[in-house]
Amino acid sequence: MEKIPMTPGGLVVLEHELKNLKQIERPAVIRAIAEAREHGDLSENAEYTAARERQGFIEGRITELEDIISRAQVIDAKSLSGDTVRFGATVTLADEDSDDESIYQIVGAHEADISAGRISVHSPLARALIGKHIGDSVEVSSPGGSRQYEVVDVRFVG
């Protein structure tokens, strides 16, 4: 069984989602199904069909979250140090063409959010950065073409 790397914060978010689905969403959809059944003929009952579809989604997501959580390998970036880029690192990059700086944290696939500066450990940028040190140059292929970055800083924060 393959472990899934994630930060402590990423695990908490998934656990909250699972708790919400089990304690709030699941009972609500069961009530909606019961109410729709009371309206009679189920073959032409749109509320019943929608509630059953929602129930299928909820049950599927619960199963998925339970699997992810059971295989989670929590890596706390605060316990790491050094100047080598690895999982959990917060990396400052300078675009070698424009000198624009960007900051990204390398996190698990299930907690990645580019708008919040969190990139998946499996993304092309993260794969190119892993193992690099401050001052190293990195070339990353993207849909817009190849880009060169310099690793300016590597920090390990929570």
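The values are calculated or read from the model by the stated rules, or taken from the named source; none is laboratory data. Predicted, not measured: the structure shown is a model, and the values here were computed from it. We place every Cβ from the backbone using ideal geometry, glycine too, and count neighbours over all the protein chains shown.
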Subset of region 111-121, residues part of a loop (DSSP other than H, G, I, E, B) and more than 17 Å from THR84 (Cα to Cα), comes to ALA112, GLY117
A careful count of residues in region 101-138 that are among the β-branched types (Val, Ile, Thr) and over 30 Å from HIS16 (Cα atoms) gives 2
Checked VAL157, VAL140 against criteria (more than 17 Å from THR84 (Cα to Cα) and either part of a strand (DSSP E or B) or out of contact with any Pro (no Cβ under 7 Å at 6 or more places or on another chain) (or both)); the one match is VAL140
Applying the selection to region 132-158, what residues are in contact with a Ser or Thr (Cβ under 9 Å, 6 or more places away or on another chain), more than 22 Å from PRO8 (Cα to Cα) and not β-branched (Val, Ile, Thr)? LYS132, HIS133, GLU139, ARG147, GLN148, TYR149, GLU150, ASP153
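Okay, residues lined up against (1) more than 25 Å from the chain's Cα centre (by Cα); (2) of a type in the set (D, E, K, R):
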| site | (1), (2) |
| --- | --- |
| GLY9 | no, no |
| ALA32 | yes, no |
| GLN55 | no, no |
| ARG71 | no, yes |
| SER81 | no, no |
What number of residues in region 67-101 are hydroxyl-bearing (Ser, Thr, Tyr) and in contact with an Asp or Glu (Cβ under 9 Å, 6 or more places away or on another chain)? 2
Go over the candidates ALA126, ALA94 one by one and state the one that is under 24 Å from the mean Cα position of the chain (by Cα) and crowded, with 16+ Cβ neighbours inside 10 Å. ALA126
Can you name the number of the only condition in (1) farther than 18 Å from GLN73 by Cα; (2) surrounded by fewer than 18 Cβ atoms within 10 Å (Cβ to Cβ); (3) over 10 Å from the mean Cα position of the chain (by Cα) that ASP113 fails? (3)
Take the conditions in contact (Cβ under 8 Å) with a residue 40 or more places away in the chain and closer than 27 Å to ARG61 by Cβ and apply them to ARG71. Does it pass? yes
Residues in region 83-94: is at least one in contact (Cβ under 8 Å) with a residue 60 or more places away in the chain and at positive phi? yes
Set ARG37, ARG31, ARG54: member being surrounded by 15 or more Cβ atoms within 10 Å (Cβ to Cβ) and of a type in the set (Lys, Arg): ARG54
Return yes or no: is VAL151 at pLDDT 95 or above and either assigned to a loop (DSSP other than H, G, I, E, B) or buried (at least 17 other Cβ atoms within 10 Å of the Cβ) (or both)? yes
For region 42-67, what are the residues that are over 22 Å from LYS19 (Cβ atoms) and aliphatic (A, V, I, L, M)? LEU42, ALA46, ALA50
Which of the following residues is out of contact with any Asp or Glu (no Cβ under 6 Å at 6 or more places or on another chain) and either over 24 Å from VAL157 (Cβ atoms) or modelled with pLDDT under 95 (or both): GLU64, GLU15? GLU64
